[in-house]
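Written out below as structure tokens is the structure these notes cover.
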Amino acid sequence: MLFIFVLSIHYTEAQDVSNDIVQYIQSGNTKELAKYFNKRIDVTINQTGNNYSSDQAELIIKNFLSAIPNKEFTILQKGSTEYNTRFIVGVLKSKNEKYKTYILLKPFQKILYIQDIRFEKE
């Protein structure tokens, strides 16, 4: 029974990928960010969105992030639900713009993948 408890703690700690995701958004490194994408992902930018393949989503987010110079990302809240779905809420900002950012991660075979990512201009 103790072994199961220890294994459960290890799984939870190993799955906190929020710092990596934030780093990749802030640096505009969509190649690394895309490693966390599910096969299909919902991408919304300023209330325009769709469900895309991971390759399409990478291009769309790359184009969006490359248009924002000197990005800084701040996590406002992160957490999980009873189904082990995780979320990150934050603000992506540059000198002149701010985007409220929502990221939803869902587990598949004990690995968390980004299922939904939204950038809404404030």
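Quick look at the numbers
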{"read-out": "Test set (1) free of Cβ contacts under 8 Å to residues at least 24 places away in the same chain; (2) over 19 Å from residue 28 (Cα atoms) - residue 47 fails condition number", "value": "(1)"}
{"read-out": "Residue within the stretch 10-25 that is touching a residue at least 60 places away in the same chain (Cβ under 8 Å), over 14 Å from the mean Cα position of the chain (by Cα) and not in a strand (DSSP E or B) present", "value": "yes"}
{"read-out": "Test: residue 96 is surrounded by fewer than 14 Cβ atoms within 10 Å (Cβ to Cβ), modelled with pLDDT of 95 or more, more than 16 Å from residue 24 (Cβ to Cβ) and of a type outside the set (Phe, Trp, Tyr)", "value": "no"}
{"read-out": "Only one of 34, 67, 14 that is hydrophobic (A, V, I, L, M, F, W, C) and modelled with pLDDT of 95 or more", "value": "34"}
{"read-out": "Residue check, residue 78 surrounded by 15 or more Cβ atoms within 10 Å (Cβ to Cβ) and either of a type outside the set (Ser, Thr, Tyr) or assigned to a loop (DSSP other than H, G, I, E, B) (or both)", "value": "yes"}
{"read-out": "Residue match in the stretch 105-117 (condition: outside any strand (DSSP E or B) and either surrounded by 12 or more Cβ atoms within 10 Å (Cβ to Cβ) or at negative phi (or both))", "value": "no"}
{"read-out": "In the stretch 28-44, the residues that are assigned to a helix (DSSP H, G or I) and touching a residue at least 12 places away in the same chain (Cβ under 8 Å)", "value": "30, 31, 32, 33, 34, 36"}
{"read-out": "Candidates 83, 24, filtered to the one that is at pLDDT 95 or above and not aliphatic (A, V, I, L, M)", "value": "24"}
{"read-out": "Meets criteria (part of a helix (DSSP H, G or I) and either in contact with a Lys or Arg (Cβ under 8 Å, 6 or more places away or on another chain) or touching a residue at least 40 places away in the same chain (Cβ under 8 Å) (or both)) for residue 61", "value": "yes"}
{"read-out": "Neighbours by Cβ (under 7 Å, 6+ apart or cross-chain): first from the stretch 93-122, among the hydroxyl-bearing types (Ser, Thr, Tyr); second surrounded by fewer than 15 Cβ atoms within 10 Å (Cβ to Cβ) and assigned to a loop (DSSP other than H, G, I, E, B)", "value": "94/69; 94/70; 99/122"}
{"read-out": "Within the stretch 90-122, tally of residues that are touching a Phe, Trp or Tyr at 6+ places or on another chain (Cβ under 8 Å), among the aliphatic types (A, V, I, L, M) and more than 12 Å from residue 21 (Cα to Cα)", "value": "2"}
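The values are calculated or read from the model by the stated rules, or taken from the named source; none is laboratory data. As the structure is a prediction and not an experimental result, all values here were calculated from the model. Don't worry about glycine lacking a Cβ; one is built from the backbone with ideal geometry, like all the others, and counts go over all protein chains shown.
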